[in-house]
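To start, the structure itself, in structure tokens.
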Amino acid sequence: MSVQINCDMGESFGLWRMGDDAAILPFIDVANVACGFHASDPVVMRRTVRMAKEHGVAVGAHPSLPDLQGFGRREMKLDADELTAAIIYQVGALKAFLDAEGMALNHIKPHGALYAMSARDEAVAGAICDAADVFGVPLYGLADTVHEQVYTARGLSFVSEFYADLDYAAEGRVIITREHEAIDPVAAAARTQRAVTEGRVMTIDGGEIAVRADSVCVHSDTPGAVAVAAAVRNIL
């Protein structure tokens, strides 16, 4: 498919389980694997990488602000150098597990609040670029936002995402909640089809905005995520 499906996953921690990664992997092309700061641990990271390899799924890093208790969905203030170091630390850990399996690091996609901050804050986006420069891989983000402007100005490859299972605000931002609510797989597939073919999506206030879907994202922690991923893949 020309439009790939990516999924945030590997977000279990210790005895706590989040999402059904094994069931969703057959329906996706790219896995964004948590790196320990918002979720995951070394055992989960290694297991997720190995499962992705078995299914022929590419793996990218999903680094976060250091907010394990808040699942990385609370904004924090970090100095640029501290943020860059935190991202290098996380991506480096995942890359070690990829190296062990003979896999390449596919990309970097900031998680949660860090993603939202980088979409509007040049300093945050720049700190992410400083980390991405170390690894030389593309970055994922939202089209026509600050992080696309900063990433591309720095010469980094940019992959624009459309979110099949999240709502959009009138100003174009994705609405990131602490917990994702269940959504209708048929509705998710329909809005994805429109985003890909028409480049439009309805916002929560009933208006419409332009979107660009180089890749479509689903979340493994959305209730019914496997059904959503299957429906989106079928429509694509």
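No value in this document is a laboratory result; all are computed from the given coordinates. The structure presented is a predicted model; accordingly, all values stated were derived computationally and were not measured. A quick note on method: Cβ atoms are made from the backbone with ideal geometry, for glycine too, and the neighbour counts reach across all protein chains shown.
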Residue 216 long-range amide H proximity, modeled H, under 5 Å: 4, 5, 6, 162
Dimensions (Å) - the chain, Cα atoms, principal axes, largest first: 41, 37, 32
Student exercise, the chain dipole from Lys, Arg, Asp, Glu Cβ charges, in Debye to nearest 20: 440 debye
Per-residue ³J(HN,Hα) for segment 192-204, Karplus 6.51 cos²θ - 1.76 cosθ + 1.60, θ = phi - 60°, Hz, x for Gly and Pro: 5, 4, 5, 4, 6, 8, 10, x, 9, 8, 7, 9, 5
Reciprocal mean inverse distance between Cα atoms of segment 38-95 - Kirkwood radius, Å: 12.6 Å
Length gained when the stretch residue 68-residue 182 is fully extended (0.36 nm per residue, less Cα-Cα span): 38.8 nm
Rel. contact order, % - alpha carbon contacts under 8 angstrom, at least six apart, segment 74-159: 30 percent
Environment charge at residue 88 (Cβ cut-off 13 Å; Lys +1, Arg +1, Asp -1, Glu -1): -3
Stokes-Einstein D (µm²/s) once Rh is taken as the Kirkwood radius of segment 56-196 over alpha-carbon pairs, at 10 °C in 1.306 mPa s: 100 µm²/s
Residue 20 long-range amide H proximity, modeled H, under 5 Å: none
Under 28 Å from the Cα of residue 53 - lysines, other chains or at least 8 residues apart: 95, 109
Antiparallel bridges, percent of DSSP beta bridges restricted to the chain (to nearest 5): 20 percent
